[in-house]
Amino acid sequence: MSGLELAPGVRMPALGFGVFQVSPEDTQAAVEAALTAGYRHIDTAAAYRNEAGVGAGLRASGLPRDEVFVTTKLRNGEQGRDRARAAAGRSLEALGLDRVDLYLIHWPSPARGLYVETWETFIALRDEGLVRAIGVSNFLPEHLAAIDASGVAPAVNQIESHPTFQQPATVAASLERGIIVEAYSPLGQGRDLEADAVAAAATAHGATPAQAVLAWHLQRGRVVIPKTVNPARMRENLAATELTLDEAQLAAIDALDTSRRIGADPATAEFSQMDIARPR
Ligand SMILES: NC(=O)c1ccc[n+]([C@@H]2O[C@H](COP(=O)([O-])OP(=O)(O)OC[C@H]3O[C@@H](n4cnc5c(N)ncnc54)[C@H](OP(=O)(O)O)[C@@H]3O)[C@@H](O)[C@H]2O)c1
C-alpha cells in the first residue's frame, strides 16, 4: 500500500483503520479483523478509552511491531507540560508499546491556552524517542500559526474531511507548512455516500460509493482512516487503494463541498467530558 514518509524511516500507510466509537470490549476483535484484512495503520486516542484493546489486537495478530503504524492522541484535559508527559506514559502503558508511531494533540482547546506549551512538550517526547513522529488534530490556520515559533512543524494535521466538508483554508495552511493532511470522518460518517457525483464515480468503475470517496481522498493527497466494525466493509474500504478516478470524477466530488461540518468546531470545542483519565 502507498505510504507517506513522516520522518526518516517513519512511513505512514495512506489508508488506516480508525477506532473512534468502537467500544473498549469490541476493540481487540475489530483490530484483529482489520489487521487480518490487511490494514497496517490503526488510529486510536486516549479519549476513545480503547487503547488497551488496540494493543491486545496488535499482540494477538502476531505481526511484528514495526509492520503496524499506530497513532494515539492526547486528551484535552491532559494538555500542559507535566500532564502531557504523564499522559503519554499512560497511553504507552495501555497500548503495551514502547513507543507510538504518531502522537497527536487531539484538539487545540484554545480556551485552555495550553496547546503551544503542549506542542513544545511533544517535541521533547519525540526527541526522547517515546514517539516516532508528532502532529496535531483539529488545528485551524490560527492554531498552526501559533506553533510556528517552535520551529518544528507537525508531521500531520488530522482534520474532519469528507466530500461535503473539505476545509480548504485549513488544508492550504497545512500544506504550506509541509504538513500531511489526514482526513477523519472520511466518509462523512456514511452520510456522504449517496451524493450523485459519488454514485456516478463508483458506478463508472464497478466500485462502491465508499471506495469512490476514499479513492478521491487518496488521489487528493490525504491520508484516510475510515471506521467500520464490519469485516466485509474493512476489505471493501481497503480495496479503495486499487481504484483510480479520472480528473472529471475527482472534480465532481470536489464540487460537493457545502462547508457544513458534522463534528465539533475546533475554535470552541473543549470536550471537558473527555478530560479525565478513566480506568481502562
Ligand atoms: N481527531 C478527531 O477529532 C477525530 C474525530 C472523529 C473521528 N476521528 C477518527 O476518524 C475515524 C473515522 O471517522 P468516523 O468514524 O467519524 O467516520 P467515517 O469513517 O467517515 O464513517 C464511519 C461510518 O461509516 C460506516 N461505514 C464504514 N465503511 C462503510 C462502507 N464501506 N459502506 C457504508 N458505510 C460504511 C460505518 O458503519 P459500520 O461501522 O456499521 O460499518 C460508520 O457508521 C475514527 O474512527 C477516528 O479514528 C478522529
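The values are calculated or read from the model by the stated rules, or taken from the named source; none is laboratory data. Computed from a predicted model, the values in this text were never measured in an experiment. All Cβ positions, even for glycine, are placed from backbone atoms using ideal geometry, and neighbour counts span all protein chains on display. Note: areas computed on protein heavy atoms with side chains; ligands, DNA, RNA excluded. Shrake-Rupley method; radii C 1.70, N 1.55, O 1.52, S 1.80 Å.
Side notes on the structure shown:
- Label positions at residue 81 and residue 25, each projected 7 Å from the Cα along the C-beta direction, are separated by 4.3 nm.
- Kirkwood hydrodynamic radius (C-alpha pairs) into Stokes-Einstein, the stretch 134-280, 37 °C and 0.692 mPa s, D in µm²/s: 202 µm²/s
- Where labels lie 7 Å past Cα in the beta-carbon direction, separation of residue 60 and residue 149 in nm: 4.8 nm
- For the stretch 129-280, the relative contact order works out to 23 percent when only alpha carbon pairs closer than 8 Å and six or more residues apart are counted.
- Protein accessible area in the stretch 147-204, 1.4 Å probe - carbon and sulfur %: 56 percent
- For the stretch 1-66, the Kirkwood hydrodynamic radius from C-alpha pairs, put into Stokes-Einstein at 10 °C and a viscosity of 1.306 mPa s, yields a diffusion coefficient of 130 µm² per second.
- Most to least packed among 115-121, 255-261 [average Cβ atoms within 10 Å]: 115-121, 255-261
- Accessible area of the stretch 1-68 belonging to carbon and sulfur atoms, whole % at 1.4 Å probe: 50 percent
- The stretch 1-80 - percent relative contact order, Cα under 8 Å, separation 6 or more: 30 percent
- The chain, accessible area per residue, ligands and nucleic acids excluded (1.4 Å, Å²): 41 Å²
- R0 of 45 Å, Cβ-Cβ distance residue 191-residue 120: FRET efficiency to nearest 0.05: 0.75
- Other residues with beta-carbon under 9 Å from the beta-carbon of residue 72 carry, at +1 per Lys or Arg and -1 per Asp or Glu, a net charge of -1.
- The C-alpha atoms of the chain occupy a region whose extents along the principal axes are 53, 42, 37 Å, arranged from largest to smallest.
- Ratio Rg/Rh [Cα only; Rh per Kirkwood] for the stretch 18-168: 0.97
- Other residues within the sphere of radius under 10 Å centred on the Cβ of residue 227, judged by their own Cβ, net out at 0 (K and R +1, D and E -1).
- Full extension of the chain segment joining residue 262 with residue 247 gains 2.7 nm, where the gain is 0.36 nm per residue of separation less the Cα-Cα distance.
- Summary value for the chain: 20 percent relative contact order, contacts being C-alpha pairs under 8 angstrom separated by 6+ residues.
- Over all orientations, the stretch 131-172 has a Cα convex hull whose mean projected area works out to 3.4 square nanometres.
- All other residues whose Cβ lies under 15 angstrom from that of residue 239 are scored, Lys and Arg at +1 and Asp and Glu at -1, for a net of +1.
- Built amide H within the under 5 Å cut-off of residue 4, gap 5+: 12, 14
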